[in-house]
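Engineer: Before anything else, here's the structure in question.
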Amino acid sequence: MSNRGISWVGTISEDLADRGPAAFARRKLEKQDHLFAHRSALFYTPTENIPAKHVGSGPLDVMLPITSPDYTDLAEIRAYGSPRFWVDLIQRQTGKLRWTPISPARVVFIRYDSFTIRQDHLAIGTKGLLDALKLRTTGRRDRLYLHYFGAILDDGPGFVDITWEQEIVAHPKDAGVRIQVVQK
C-alpha cells in the first residue's frame, strides 16, 4: 500500500497559518504538491491564480451527500450557514477547486429528503449554499475578498434566477441536495 499522507510542512496551508489571510501567486500554486489537499488555504486567492487544471467550466450538475437544512437546523448548526462548508462539499464532489462563472445563470436546488419542508425554509436553508457558488464576496470586516467556488458571478438580481424543488426519498440515508447551474 502506498503512503497517502500529505505533508503540511512547507505548504500554502502552513503559510496561511503563519501569515494569516494571503492570496497566493499562480507560480506558487503550480509548485504546490497535492494542491487539492490544501484547498482550504485558497479562500483569499482569486480564481485567475488557480492553475487551469483545477478550474471547471460549463454547466454544473452536482449532488451533495448532505441535504439543505430546515430553518431550525440552520439556526442551531452554524456550519449549514457557512459558504466555506458548502464550497468544500462542492469541491469534493467535482474534484475542482473553482469553476468558471456562468452569467446570467439559472440555479436549481433540488432537496432530497424523507420529508418536505416549508418553501420559505427551503429558500433560507440554501443561502449559505448559494453564497458558496459565488465568485467572491467582501463579507469580512477587514473587507478582504473571499473567493468561493465561482460558478456564478453574484446572487443579485440580473445575475441569477433561482428555483427550489423537493423530492421525497425512502430513507434519510439517501438525502442530499442537487445543484444545477446553467446559462439563463
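The values are calculated or read from the model by the stated rules, or taken from the named source; none is laboratory data. None of these values were measured; they are calculated from a predicted model. Using ideal geometry, Cβ is built from the backbone for each residue, glycine included, and neighbour counts are taken over all protein chains shown. Note: areas computed on protein heavy atoms with side chains; ligands, DNA, RNA excluded. Shrake-Rupley method; radii C 1.70, N 1.55, O 1.52, S 1.80 Å.
Engineer: Any chance the range 159-171 includes a residue that's open to solvent by 30 Å² or more (accessible area, probe 1.4 Å) and either at pLDDT below 95 or hydroxyl-bearing (Ser, Thr, Tyr) (or both)?
Structural biologist: Residues of the range 159-171 open to solvent by 30 Å² or more (accessible area, probe 1.4 Å): 159, 161-168, 170-171.
Filter once more, keeping what is either at pLDDT below 95 or hydroxyl-bearing (Ser, Thr, Tyr) (or both): 163.
Yes, there is a match, as at least one residue in the range 159-171 is open to solvent by 30 Å² or more (accessible area, probe 1.4 Å) and either at pLDDT below 95 or hydroxyl-bearing (Ser, Thr, Tyr) (or both).
Engineer: Kindly indicate which of 55, 62, 9 is under 18 Å from the mean Cα position of the chain (by Cα) and farther than 16 Å from residue 135 by Cα. Working first, answer last.
Structural biologist: On the way: 55 fails: farther than 16 Å from residue 135 by Cα; 9 fails: under 18 Å from the mean Cα position of the chain (by Cα).
Sole residue among the options that is under 18 Å from the mean Cα position of the chain (by Cα) and farther than 16 Å from residue 135 by Cα: 62.
Engineer: Please enumerate the residues belonging to the range 172-184 that are outside any strand (DSSP E or B) and either among the hydroxyl-bearing types (Ser, Thr, Tyr) or open to solvent by less than 50 Å² (accessible area, probe 1.4 Å) (or both). Steps first, answer last, please.
Structural biologist: The initial filter retains those residues of the range 172-184 that are outside any strand (DSSP E or B), namely 172-175, 184.
Passing the criteria: only 175.
Engineer: Let me ask you something else. Are any residues in the range 122-136 in contact (Cβ under 8 Å) with a residue 60 or more places away in the chain and of a type outside the set (A, V, I, L, M), and if so, which ones?
Structural biologist: Within the range 122-136, 136 is the sole residue that qualifies.
Engineer: I'm trying to understand the selection: among the residues of the range 127-143, which are part of a loop (DSSP other than H, G, I, E, B) and crowded, with 17+ Cβ neighbours inside 10 Å? So that I can check it myself, show each step before the final result.
Structural biologist: Within the range 127-143, the subset part of a loop (DSSP other than H, G, I, E, B) is 135, 138-143.
Answer for the range 127-143, where residues must be part of a loop (DSSP other than H, G, I, E, B) and crowded, with 17+ Cβ neighbours inside 10 Å: just 135.
Engineer: Same structure again: Whether any residue in the range 1-20 is part of a helix (DSSP H, G or I), under 25 Å from residue 99 (Cα atoms) and open to solvent by 80 Å² or more (accessible area, probe 1.4 Å) is what I want to check.
Structural biologist: No: the range 1-20 contains no residue that is part of a helix (DSSP H, G or I), under 25 Å from residue 99 (Cα atoms) and open to solvent by 80 Å² or more (accessible area, probe 1.4 Å).
Engineer: While we're looking at this one, here's another question. Among the numbered criteria (1) out of contact with any Phe, Trp or Tyr (no Cβ under 9 Å at 6 or more places or on another chain); (2) among the small types (Gly, Ala, Ser); (3) under 24 Å from residue 171 (Cα atoms), which one does residue 123 miss?
Structural biologist: Status for residue 123: all satisfied but (1).
Engineer: Among the residues of the range 35-65, what is the count of those that are open to solvent by less than 40 Å² (accessible area, probe 1.4 Å) and outside any helix (DSSP H, G or I)?
Structural biologist: 12
Engineer: Here is a follow-up. Taking residue 155 as the residue in question, decide whether it is under 26 Å from residue 50 (Cβ atoms), among the acidic types (Asp, Glu), open to solvent by less than 70 Å² (accessible area, probe 1.4 Å) and in a loop (DSSP other than H, G, I, E, B).
Structural biologist: yes
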